[in-house]
Amino acid sequence: AFPPLVFSGVQPTGNLHLGNYLGAIRRWVALQEANRCLFCVVDLHAITVWQEPDSLERSIREVAAAFIASGIDTTAHVLFNQSRVPEHAELAWIFNCVARLGWMERMTQFKEKAGRDRERASLGLFAYPSLMAADILAYRATMVPVGEDQKQHIELTRDIAAKFNHDYSLRVAALGLGRPIAMGEEVVQGYFPLAEPLIEGPATRVMSLKDGAKKMSKSDPSDLSRINLTDDPETIARKIRKAKTDPDALPTEIDGLKGRPEADNLVGIFAALADRSKAEVLAEYGGRPFSEFKPALADLAVEKLGPIAGEMRRIMADPAEIDRTLRDGAERAREIASATLSDVKRIVGL
Ligand code: ADP
Ligand code: NA
């Protein structure tokens, strides 16, 4: 009932890494062949924790450059930054009044990012998932390709959509704005679709190279923990050589990766970069030591990431062109988002 539409985003918080690429950006390139897509640099999310203004400006362009360098088609699809489409923030306010405090309190990302010192966490960090729901639902997007860490937030987006649909069902029907939505066995009328998270492939949660229990993250203080998209070939090779592993050879079967998080992580990265399954990678490398596997992984990573880094540098050399692309994207995004917001205001009675 809702036309298929893809929405996804990345925060401009510096240090774009292999996890962002394999878990999200790379998959967008495949999805854009068959779907209408909106790709967003989510700068309003970034400021939920402190950002130096100068580096924020640079990071916004850098994330946009990474999308373009990875193969996002900005003519056929829409690339923009969140703060240029004010409807996101406006719809988020309405969703703040739909979402329940208890739902937000269950969000594990807030607990992780706020840590024990809630007194010092921003209110924006707490409300983050409500803005994320607005990002997605401003376009009534149906598919959201993300890494595993975003699963709970997409579920919250669905909860907000379902509660809005339910609370305003009579009004939506009276205004003739409803569309059929499958809710389990039942089909109901509603204004917002229940967006599906697309979390697939061997790299939905790339782990730190230093600690197999932590996800690879932009904010990890150790640069050796992650491969940045802008790393040069020598740096990529060195980080993979130094990556933590156990002393055993690679297993020949998937089951043999159980209880070996570092080995599992490196095999998953290899599989994702090579467009193969983990089983296929083990069929080739099973029984061989990490001293053989790591150089092969480093070569593959350099082969796949090197051209992206080069392209990013080329694109970053012309900031005005990036700004033009983002401005054009924002205009096209606004056409959709403003129509949604005027419907929503009528529905709510504003
Ligand atoms: P980060 O978590 O690194 O700050 P974002 O929150 O901007 O990055 O996430 C951008 C996208 O990258 C999201 O879809 C997120 O799920 C994905 N992502 C982030 N880290 C990883 C990871 N370690 N493995 C796989 N996907 C990831
Ligand atoms: Na994240």
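The values are calculated or read from the model by the stated rules, or taken from the named source; none is laboratory data. Everything numeric here is computed off the predicted structure, so don't read it as measured data. Counting neighbours? That spans all protein chains shown, and the Cβs are built from the backbone with ideal geometry, glycine included.
Brief remarks on what is shown
Residue by residue, here is whether (1) assigned to a helix (DSSP H, G or I); (2) over 13 Å from HIS17 (Cβ atoms); (3) touching a Phe, Trp or Tyr at 6+ places or on another chain (Cβ under 6 Å); (4) outside the structural domain of GLU148 (by TED's automatic domain parsing) holds:
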{"residue": "LEU209", "(1), (2), (3), (4)": "no, no, no, yes"}
{"residue": "SER217", "(1), (2), (3), (4)": "no, no, no, yes"}
{"residue": "ASP246", "(1), (2), (3), (4)": "no, yes, no, yes"}
{"residue": "GLU262", "(1), (2), (3), (4)": "yes, yes, no, yes"}
{"residue": "LEU266", "(1), (2), (3), (4)": "yes, yes, no, yes"}
{"residue": "GLU280", "(1), (2), (3), (4)": "yes, yes, no, yes"}
{"residue": "GLY287", "(1), (2), (3), (4)": "no, yes, no, yes"}
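- Considering region 1-72, the qualifying helices (runs of 4 or more DSSP H), each wholly inside and each with 3 or more residues that are surrounded by fewer than 21 Cβ atoms within 10 Å (Cβ to Cβ), in the same structural domain as VAL188 (by TED's automatic domain parsing) and away from ligand 1 (no atom under 11 Å from the Cβ), run over 26-31, 53-70.
- Filtered residue count, region 164-180, keeping only those that are farther than 17 Å from PHE95 by Cα and either within 16 Å of ligand 2 (Cβ to nearest atom) or not in a helix (DSSP H, G or I) (or both): 6
- Criterion applied to MET132, MET143 was being surrounded by 17 or more Cβ atoms within 10 Å (Cβ to Cβ), touching a Ser or Thr at 6+ places or on another chain (Cβ under 9 Å) and over 22 Å from ASP43 (Cβ atoms), and the one residue passing it is MET143.
- ALA161 being buried (at least 22 other Cβ atoms within 10 Å of the Cβ), among the small types (Gly, Ala, Ser) and either assigned to a loop (DSSP other than H, G, I, E, B) or within 15 Å of ligand 1 (Cβ to nearest atom) (or both): no
- Among the residues examined, VAL98 does not qualify as closer than 30 Å to ALA309 by Cα, in the same structural domain as LEU18 (by TED's automatic domain parsing) and in contact (Cβ under 8 Å) with a residue 40 or more places away in the chain.
- Filter result for CYS97 (away from ligand 2 (no atom under 16 Å from the Cβ), under 14 Å from the mean Cα position of the chain (by Cα) and either over 16 Å from ARG334 (Cβ atoms) or surrounded by fewer than 15 Cβ atoms within 10 Å (Cβ to Cβ) (or both)): no
- Some residue of region 183-192 being under 27 Å from the mean Cα position of the chain (by Cα), within 27 Å of ALA46 (Cβ to Cβ) and assigned by TED's automatic domain parsing to the domain that holds ALA66: yes
- Yes/no for VAL78 being away from ligand 2 (no atom under 16 Å from the Cβ), touching a residue at least 12 places away in the same chain (Cβ under 8 Å), in contact with a helix residue (DSSP H, G or I) (Cβ under 6 Å, 6 or more places away or on another chain) and farther than 22 Å from MET316 by Cβ: no
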